[in-house]
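Written out below as structure tokens is the structure these notes cover.
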Amino acid sequence: MTQRTDTPPAWDERTQLTTFLDYARATALAKCDGVSPEDARKAPLPDSPLMTLCGLISHLRWVEHHWVQVVFLGEDPAGPLTLATDEDPDPEMRTAVDVPLPQLLAEYEEQSARYRALLADLDLDATARRSIRDGRHVDLRWVILHLIEETSRHNGHLDIVRELVDGRTGV
């Protein structure tokens, strides 16, 4: 697991951005530490059946895939993202119930390490190959900031779900 710190070893922009992204990623992993296989699949919010620890980790993994590989690098969507429809916009959360949490966490960690290395030498001003919904092409800086926002927001969901399924708080 990546060391969990929000204090960068240097104060340049890239180091600050990547430190905060790694901190958010490590927090997501920490929120799942020690949870039972049963609790990892529980959906404690009656109107949110996909809101499980497994579903949220799967979502984080595939959101990063979308922003890094699909939008920024211009690759084709893969995995459960290819199943997305207007009626089922988050199939990665639904399909995660069949995957053990340790596997989801390992895949997320491996992918994070791969993206960390892949993006390390790219200029923050480099432009995404695909446009976002409004037709603009974002830069790498925006992608990293968006992933920090997305991961941090879902860490709040992980925190709530974890507390509801087994009472653990404080990570």
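Here, each number is a calculation from the coordinates, and none is a lab measurement. Please read all numbers here as calculations on a predicted model, not as lab measurements. Note that each Cβ is placed from the backbone with ideal geometry, even for glycine, and that neighbours are counted across all protein chains shown.
Mean-square fluctuations from a GNM of the chain, with a 10 angstrom spring cutoff on Cα atoms, peak among LEU56, LEU45, LEU140 at LEU45. Hey, what angle do you get for helix 13-31 against the long axis of the chain, alpha-carbon based, 0 to 90 degrees rounded to 10? Value to nearest ten degrees: 10. Label-to-label distance for ASP6 and ALA126 is 2.8 nm, based on points extended 7 Å past Cα in the beta-carbon direction. Sites listed here are GluC sites (Glu not before Pro) in the range 1-94 whose DSSP assignment is loop and whose Cβ has at most 15 other Cβ atoms within 10 Å: GLU75, GLU87.
The range 1-81: which chymotrypsin sites (Phe, Trp or Tyr not before Pro) are DSSP loop and have at most 16 other beta-carbon atoms within 10 angstrom? Kindly include the intermediate steps, with their values, before the conclusion.
Numbers: sites: TRP11, PHE20, TYR23, TRP62, TRP67, PHE72; in loops: TRP11.
Qualifying residues, ordered by number: TRP11.
In summary, the convex hull built on the alpha carbon positions of the chain has an orientation-averaged projected area of 10.1 nm².
Relative contact order of the chain: 30 percent, from C-alpha pairs under 8 Å at least 6 residues apart in sequence. GNM remark for the chain: springs join alpha carbons under 10 Å apart, and the peak mean-square fluctuation among ALA128, ALA117, ALA30 falls on ALA117. Taking the Cα centre of the chain as origin and charging only Cβ (+1 Lys, Arg; -1 Asp, Glu), how large is the dipole, in debye to the nearest 20? Charge dipole, the chain, about its Cα centre: 180 debye, nearest 20. Residues considered: ASP22, ASP134, ASP33. Largest GNM mean-square fluctuation over the chain, using C-alpha springs under 10 Å, is found at ASP134.
Compare the Cα positions of THR85, SER36, THR52 along the charge dipole of the range 20-102 (+1 at Cβ of Lys, Arg; -1 at Cβ of Asp, Glu; about the Cα centre) and return the one farthest towards the positive end. Checking the options against the dipole of the range 20-102, the answer is SER36.
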